[in-house]
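This report concerns only the one structure given below.
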Amino acid sequence: MTTLAPARPLGDLLREWRRRRRMSQLDLALEAEISQRHLSFIESGRAAPSRDMLLHLAE
């Protein structure tokens, strides 16, 4: 039987991506034209982003 490793929470992945690029939450939020608070909520798991929001952040 094959077991899959548990997926890392989205907020952790987003935070790691942002830190590797040396961006603050405010930097990414301004570039993505969203509020820093909303980005913080996504990273902490308090908000679940839509697929479109994830694609927007990835751009």
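Each reported figure results from applying straightforward, stated rules to the coordinates on display, with no laboratory input. Computed from a predicted model, the values in this text were never measured in an experiment. Cβ sites come from the backbone with ideal geometry, for glycine too, and all protein chains shown count toward neighbours.
A cut-off of 5 Å between modelled amide H atoms, ignoring neighbours fewer than 5 places along the same chain, links Ala47 with Ile42.
Short to long, the 5 Å bins of the Cα pair-distance histogram for the chain hold 4, 18, 29, 27, 9, 5, 5, 2, 1, 0 percent of all pairs. For the peptides 10-22, 37-49, residues were scored by their other Cβ atoms within 10 Å and the scores averaged per peptide; the highest-first order is 37-49, 10-22. Here each label is just a point 7 Å from Cα along the line to Cβ, and for Ala47 and Arg8 those points are 2.2 nm apart. Here the relative contact order of the stretch 10-58, from alpha carbon pairs under 8 Å that lie six or more residues apart, stands at 37 percent.
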